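Please read the structure below before turning to the comments.
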Amino acid sequence: MFDEEDFRDYEDEIQDVVKQYEEMLEKDESVYFDTEEFGMIIDYYTQRDEIEKSRHAVDLAMIQHPLDNSLKIKNARQFLLENNPKEAFEILKHTEHEDDDDPDFFLTLGSCLAAMGKSQKAIDSYLAALPFFDEDEKCELYNAIAFEYQHLRKFDLALSFYKKALAICQDKMQIDQLYQEIRCCYLCDDKKEECLDFFQQLVDKDPHNSKAWTNIGDCYRMMFKYEDAIDPYEFALSIDPKDLWTNMHLGDIYYDLGRYKEAIDTLNEALRNGVDSGMIRVSLGDCYYRLEDLQSAEEHYRKAVERNPVIGGGWAGLGYVFSDRGESQKAIKYFEKAYALEPYETDYLYSIAAEYRKIEDFGHSMEYLMKIQEQSPSDPDSYYFIADLYGEQDRVDEAIDTLKQGLLNTDNDSNLLYLLAYAYFVKGDKTNGLSTLDLALTNDFEGYRDFVDYDKDLLGNNVDIIDLITQHKLKHNENN
């Protein structure tokens with residue numbers, strides 16, 4: 001191993017070589033560098049994420065030393081950095097066989113195979129590299145093997161290697177990431193109690209392990225044991241009050257429990273401790289919004305987007321505030337901003353459609369609902385709201401066609417069945433109305449209450465409908 005003086009000398013050597021290389025480029029000269037020097041130059045640029053410069057260095061290296069296997073491996077690694085694993089793999093296939101005992105070969109090959117989705121072969125390559133490293137150097141390698149096992153859903157093996165990595169890891173941020181992966185493996189394997197036991201053992205050994213306490217809280221939260229999650233989060237914050245995620249998670253717990261004032265107290269305490277972020281401001285805005293304090297909600301949403309202009313939740317929050325104030329045009333503007341930032345959030349599209357519907361701009365409302373349907377053809381809500389919008393315009397036949405299509409794409413969603421039954425009754429088609437209602441009651445008996453509320457005058461006093469519901473109620477009671 002290098003001592004400190006050796007390391008400084010090596011760093012100085014790299015700086016000298018890179019300086020010579022850059023002078024060569026500046027003067028447009030041709031200078032010979034040996035394979036070791038090119039290796040230093042390439043590593044220097046890749047470690048600084050200067051990918052274009054490392055590519056140029058690799059290309060020159062391959063011109064001067066086209067048969068050198070160590071540079072071939074660096075060329076393959078360069079292609080990996082450029083998101084071209086197939087080209088990297090082709091290069092590795094043509095390295096000399098006698099150099100296959102180079103750990104860099106196995107590591108790079110493993111990365112290629114992983115990027116190509118060949119997890120088991122990637123694992124085999126990583127395992128072949130293991131013997132070349134001392135135990136205290138294997139953290140990244142154990143982590144890579146575990147990740148591939150996790151991808152293969154072999155959670156027991158993934159856990160084994162994540163724990164090996166954890167045992168030797170010294171980096172606090174990486175330890176936190178390992179905790180998250182371990183928790184994910186346990187929960188994906190439906191081993192919630194084992195997950196709790198693992199983190200409980202960590203805090204038993206070290207009661208000041210704030211991240212372990214946070215993960216205990218996260219486990220309870222994912223088990224929907226919200227009350228049980230509070231104390232672990234509190235313990236974590238008593239150790240590290242500036243932990244952003246623990247503050248956020250505790251605030252979320254109180255929010256999920258409807259204890260909005262306690263959530264506000266938690267998040268304000270984070271602010272007093274110097275922990276501020278767009279996410280905390282959005283969470284505060286959400287709490288005040290739930291308490292119907294629109295002024296305070298708006299203030300925090302605005303602070304959220306000031307701190308982080310690309311946080312969709314802040315812009316959407318402003319949309320909800322102005323929607324409640326009856327200012328639909330402003331609300332639409334903010335919802336559109338949120339959707340542009342987070343196009344996977346179809347809730348924003350629903351909100352835009354709802355605002356256009358409020359101002360009776362049915363064309364634009366329908367346009368946004370259709371966009372949701374295109375993005376998520378199996379989402380029953382889009383068909384429901386499109387049909388409902390047709391109904392508001394007395395376009396009953398189009399509502400019926402929409403609902404029929406929705407039933408085909410959602411495997412007979414119960415809400416769509418009830419709405420289709422209602423649409424038939426509105427049209428005066430009693431036969432299809434009763435047969436559809438019969439199917440809806442069979443699928444989801446309890447849904448009849450909302451069905452009757454659609455139109456109590458039309459549905460609540462219809463003898464045939466009441467008789468059919470009564471028959472299903474008797475069957476339902478017998479079965480239960």
Out of the residues in the stretch 222-248 that are under 24 Å from Gly274 (Cβ atoms) and outside any helix (DSSP H, G or I), which is least open to solvent (accessible area, probe 1.4 Å)? Asp243
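Does Leu416 meet the test of being within 22 Å of Glu446 (Cα to Cα) and open to solvent by less than 70 Å² (accessible area, probe 1.4 Å)?
Yes.
What tally of residues in the stretch 366-388 results from selecting those that are assigned to a helix (DSSP H, G or I) and within 21 Å of Gly312 (Cα to Cα)? Talk me through it step by step, then tell me what you get.
The initial filter retains those residues of the stretch 366-388 that are assigned to a helix (DSSP H, G or I), namely 366-375, 380-388.
Checking the rest, the ones that are also within 21 Å of Gly312 (Cα to Cα) come to 368-369, 371-372, 375.
Total satisfying the criteria: 5.
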Tabulated pairs, the stretch 313-329, first over 22 Å from Tyr344 (Cα atoms), second among the β-branched types (Val, Ile, Thr) and open to solvent by 10 Å² or more (accessible area, probe 1.4 Å), C-beta under 8 angstrom, 6+ apart or interchain: Ser328/Ile359; Gln329/Ile359
For the stretch 44-69, which residues satisfy the criterion of being closer than 19 Å to Gly110 by Cβ and either under 32 Å from the mean Cα position of the chain (by Cα) or open to solvent by 50 Å² or more (accessible area, probe 1.4 Å) (or both)? Thr46
I'm told Lys192 meets every condition in (1) open to solvent by 50 Å² or more (accessible area, probe 1.4 Å); (2) farther than 25 Å from Tyr255 by Cα except one. Can you identify the failing condition by its number? (2)
Residue that is open to solvent by 80 Å² or more (accessible area, probe 1.4 Å) and closer than 29 Å to Gln393 by Cβ, where the choices are Arg325, Arg357: Arg325
Tell me which residues, restricted to the stretch 114-129, are over 20 Å from Leu178 (Cα atoms), of a type outside the set (A, V, I, L, M, F, W, C) and part of a helix (DSSP H, G or I). Gln120, Lys121, Asp124, Ser125
Against the conditions (1) in a helix (DSSP H, G or I); (2) at pLDDT 95 or above; (3) acidic (Asp, Glu), where does Glu360 fall short? Just the number, please. (1)
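Does Asp401 satisfy being over 19 Å from Ala354 (Cα atoms), of a type in the set (D, E, K, R) and modelled with pLDDT of 95 or more?
yes
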In the stretch 315-346, anything more than 14 Å from Lys371 (Cβ to Cβ) and polar (S, T, N, Q) is listed as Ser323, Ser328, Gln329
Wholly within the stretch 391-480, which helices (runs of 4 or more DSSP H) include no fewer than the required count, namely at least 3 residues that are under 24 Å from Phe362 (Cα atoms) and among the aromatic types (Phe, Trp, Tyr)? 414-427
For residues that are over 21 Å from Pro241 (Cβ atoms), surrounded by 15 or more Cβ atoms within 10 Å (Cβ to Cβ) and of a type outside the set (D, E, K, R), tally how many sit in the stretch 269-313. 13
Within the stretch 70-89, work out how many residues are open to solvent by less than 40 Å² (accessible area, probe 1.4 Å) and among the polar types (S, T, N, Q). 2
Exactly one of Gln200, Gln180, Gln170 is farther than 30 Å from Phe133 by Cα and open to solvent by 30 Å² or more (accessible area, probe 1.4 Å), and that residue is Gln200
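The values are calculated or read from the model by the stated rules, or taken from the named source; none is laboratory data. Small disclaimer: the values here were computed from a predicted structure and weren't measured. Every residue, glycine among them, receives a Cβ derived from its backbone with ideal geometry; neighbour counts consider all protein chains shown. Ligands, DNA and RNA are stripped out before the accessible areas are found, and what is left, the full protein with its side chains, is counted by its heavy atoms. Shrake-Rupley method; radii C 1.70, N 1.55, O 1.52, S 1.80 Å.
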